Amino acid sequence: MEPIHAPESIDLIALAPVLVLSVFAMGVLVLDLWAGKNKTLLMFVSLVGLLMTAISAFAKHPLPAFAFTDSYIVDHLSIFFTCIFTLSSALAILLSAEYNERKGMKAGEYYALILLCTVGMIVLASSTDMIMIFLGIEIVSICLYVLAGFRRDDPVSNEAALKYFLLGAFATGFLLYGMTLIYGSTGSTNLFKIAEFIKAEGAPSSPLLLMGIVLLVIGFGFKVAAVPFHMWAPDVYHGSPTPVTAFMAVGPKAAAFAAFFRVFTEAIPNMAANWEILLCIVAVLSMFVGNLGAIMQTNIKRMLAFSSISHAGYLLIAVIAKSAMAGSGLLFYMLTYAFTTFGAFGIIILLGRKGEENLEMENYSGLAYKHPVLALSMTVFLLSLGGLPPFAGFVAKFYIFSAAIEEGFVTLVIIAVLNSAISFYYYLKVVVFMYMKEPAGEFQISMTPMTLFVVIIGIIGTIELGIYPDPIIALTGLN
Amino acid sequence: MELLIFYPIAGLCVALALGVILNTSPVGSAMCLIGMMLGLAGIFVLQQAHFIAVLQVIIYAGAIMVLFMFVIMLLNLKQAASADWVSRDKNLYITILTSALAIGILYKIVDVTFMADLDSPAELPDTFGTVATVGESLFTDFVLPFEVASLLLLAAMIGAVVLAKPKLD
């Protein structure tokens with residue numbers, strides 16, 4: 001038998017961010033042995049690791065570069081997403097440091113799991129092969145199941161982890177089945193080869209392929225918490241430790257959207273006539289159920305969970321529009337969403353204290369009288385989530401909607417704008433509580449430096465991207 | 001000829017899969033699951049994937065199911081456990097709606113399967129499905145998924161330890 005040579009396509013430079021971060025994840029795990037009770041060192045090592053990952057993402061030139069027999073790609077989208085992931089993981093770690101101390105979650109594995117989860121996200125955003133996308137989704141999901149249940153003494157956290165795990169495993173089955181059917185009908189797992197096959201066949205209406213696409217929509221729809229596959233989101237967001245909730249609302253969601261966008265625009269764009277209507281229904285349902293559901297909530301974490309469902313609806317519009325401009329809009333949206341979400345959750349954590357979390361809206365009554373700066377920051381984040389100029393959320397929505405209008409989806413955009421208007425009702429409800437109600441009791445705010453730091457970064461990001469977004473937009477490749 | 005072998009095995013698999021969920025005793029369910037795994041191995045053989053079939057028997061029917069049995073026996077689950085399960089109040093409308101949906105989807109699946117082009121696939125090379133071929137593609141074309149899968153397993157292992165360790169420091 002002939003000896004087997006390593007193929008040319010093994011390109012470790014392209015893989016640099018994944019390698020660097022995996023090494024740091026395992027390093028944190030080993031370092032935990034000597035770190036003792038105080039986990040601050042682990043936190044800083046993780047942050048350094050994330051920083052180095054973000055830098056190493058730029059190692060590969062020229063773009064786009066393919067590696068590993070075209071199953072891995074380094075391009076604009078993947079580099080920008082890698083930066084969003086490292087940013088969101090770094091903010092999550094900063095938020096966790098003191099929260100974990102307060103709640104007695106002092107395990108070093110926490111940081112290792114966040115880093116591994118980030119590795120999964122990078123894999124997800126850079127893969128052009130169904131097998132890799134599946135593996136990426138599974139790494140992300142498994143880390144999240146565990147992180148959701150990290151407060152092991154808290155039944156709500158246990159419930160969140162178990163619900164997420166059972167439903168997530170079920171959804172993974174759909175996703176994998178869909179991939180299998182697409183492989184079966186096109187003969188490849190590679191996104192480009194699938195696209196070639198479909199183009200050559202002239203958009204075949206093979207039932208197996210169509211069924212595969214439907215199953216893919218179900219699988220991805222679950223991972224991004226789009227209606228009607230959103231049932232898990234409110235309970236899981238509510239039960240998870242607050243920093244983990246913020247983390248899963250940003251990073252993994254962005255990663256799932258990266259893969260969603262790549263699969264639907266790279267592999268099956270020629271089948272768009274078939275999946276467009278499907279995604280339109282899912283997007284419209286997500287917006288309505290998310291926004292109307294959020295209005296009913298009194299718990300602020302649940303409200304943000306429903307709001308995140310509606311944001312999934314807006315982001316789906318980018319997938320439906322599937323132009324290069326929509327891709328840039330998706331990137332910009334995820335970045336602004338990272339800043340605003342982490343800022344808002346930072347304030348929620350500041351308002352909580354040992355034992356009690358103060359998650360009900362009444363707990364925010366009169367915040368403006370006692371802590372005007374915090375109340376003002378929360379207002380900025382909520383208005384940005386709603387999409388009010390001059391904050392970042394407005395610019396982000398503007399780009400996605402204009403991309404969709406350019407592709408001719410006017411009705412969809414009108415529905416989305418209407419929904420943005422609905423969303424102000426519940427965002428402003430919190431503002432009303434903060435500014436127009438008498439304080440119900442004393443606020444016991446634990447002004448911890450790192451959480452404050454996250455809030456400040458959130459504020460800077462939200463306002464900067466709203467007022468002067470040009471440099472970042474240039475980076476997203478829109479110009 | 002192949003179909004003559006395929007249908008009995010496939011039928012057996014479905015029957016055993018039903019056995020897994022209908023059985024009230026956990027040991028019975030596990031035994032049915034082993035049988036189903038073996039049936040799947042048979043289907044893999046029919047697909048000319050002999051090596052995968054062997055792996056299926058060794059890993060699933062062998063290692064994993066033995067672990068299952070150990071856990072079931074260590075936990076000492078009795079049939080009585082299922083008697084404690086409270087069945088929820090059933091909503092008639094939802095039951096009708098979901099079963100109508102399920103029947104519709106099943107009908108469509110069967111329909112689609114008959115519509116599908118069931119030509120016999122291209123001729124397979126002689127080396128198809130051998131250990132050497134599987135190994136070669138695993139370490140060349142699929143080396144990245146192979147390595148990334150190890151990260152997945154690492155994450156799962158850390159997760160299991162975190163959730164199950166009696167005391168986290």
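Residues that are within 17 Å of A:THR82 (Cα to Cα), in a helix (DSSP H, G or I) and of a type outside the set (Val, Ile, Thr) within segment A:114-134 comprise A:LEU115, A:LEU116, A:CYS117, A:GLY120, A:MET121, A:LEU124, A:ALA125, A:SER126, A:MET132, listed in sequence order.
Scan segment A:132-141 and tell me whether some residue there is more than 18 Å from the chain's Cα centre (by Cα) and more than 30 Å from A:GLY27 (Cβ to Cβ). The answer is no; no qualifying residue exists.
Against the conditions (1) surrounded by fewer than 24 Cβ atoms within 10 Å (Cβ to Cβ); (2) in a helix (DSSP H, G or I); (3) touching a Leu at 6+ places or on another chain (Cβ under 9 Å), A:ALA258 satisfies every one except (1). Residues that are out of contact with any Ser or Thr (no Cβ under 6 Å at 6 or more places or on another chain) and among the polar types (S, T, N, Q) were ranked within segment A:72-103; the one that is farthest from the other protein chains (Cβ to nearest Cβ) is A:SER88.
Checking the structure you have, find out if any residue of segment B:130-137 is at pLDDT below 85, over 25 Å from A:LEU115 (Cβ atoms) and in a loop (DSSP other than H, G, I, E, B). Yes: segment B:130-137 contains one or more residues that are at pLDDT below 85, over 25 Å from A:LEU115 (Cβ atoms) and in a loop (DSSP other than H, G, I, E, B).
Name the one entry in B:ALA49, B:ALA53, B:ALA15 that is among the hydrophobic types (A, V, I, L, M, F, W, C), surrounded by 16 or more Cβ atoms within 10 Å (Cβ to Cβ) and at pLDDT 90 or above.
Details: B:ALA49 fails: at pLDDT 90 or above; B:ALA15 fails: surrounded by 16 or more Cβ atoms within 10 Å (Cβ to Cβ).
On inspection, the qualifying residue turns out to be B:ALA53.
If only residues of segment A:22-42 that are surrounded by 19 or more Cβ atoms within 10 Å (Cβ to Cβ) and more than 11 Å from chain B (Cβ to nearest Cβ) are counted, the one that is nearest to the chain's Cα centre (by Cα) is A:PHE24.
Do we have A:PHE68 as on the phi > 0 side of the Ramachandran plot, within 14 Å of another protein chain (Cβ to nearest Cβ) and surrounded by 15 or more Cβ atoms within 10 Å (Cβ to Cβ) here? Criteria met by A:PHE68. Taking the stated definitions as given, is A:THR180 within 24 Å of B:LEU144 (Cβ to Cβ), among the hydroxyl-bearing types (Ser, Thr, Tyr) and more than 22 Å from the chain's Cα centre (by Cα)? Criteria met by A:THR180. The number of residues in segment A:256-301 that are under 28 Å from A:ILE122 (Cα atoms) and either touching an Asp or Glu at 6+ places or on another chain (Cβ under 9 Å) or in contact (Cβ under 8 Å) with a residue 60 or more places away in the chain (or both) comes to 24.
Could you list, in sequence order, the residues of segment A:417-461 that are β-branched (Val, Ile, Thr) and in a loop (DSSP other than H, G, I, E, B)?
Step one: filter segment A:417-461 for residues β-branched (Val, Ile, Thr), giving A:417, A:422, A:430-432, A:445, A:448, A:451, A:454-457, A:459-460.
A:ILE445, A:THR448, listed by residue number.
Might you let me know whether segment A:276-297 holds any residue that is closer than 25 Å to A:MET434 by Cα and β-branched (Val, Ile, Thr)?
Going through segment A:276-297, the residues closer than 25 Å to A:MET434 by Cα turn out to be A:290-297.
Narrowing further to those that are β-branched (Val, Ile, Thr): A:295.
There is at least one residue in segment A:276-297 that is closer than 25 Å to A:MET434 by Cα and β-branched (Val, Ile, Thr).
The values are calculated or read from the model by the stated rules, or taken from the named source; none is laboratory data. Note that the structure is a prediction, hence the values are computed from the model and not measured. Cβ coordinates were reconstructed from backbone atoms using ideal geometry, including for glycine residues, and neighbour counts include every protein chain displayed.
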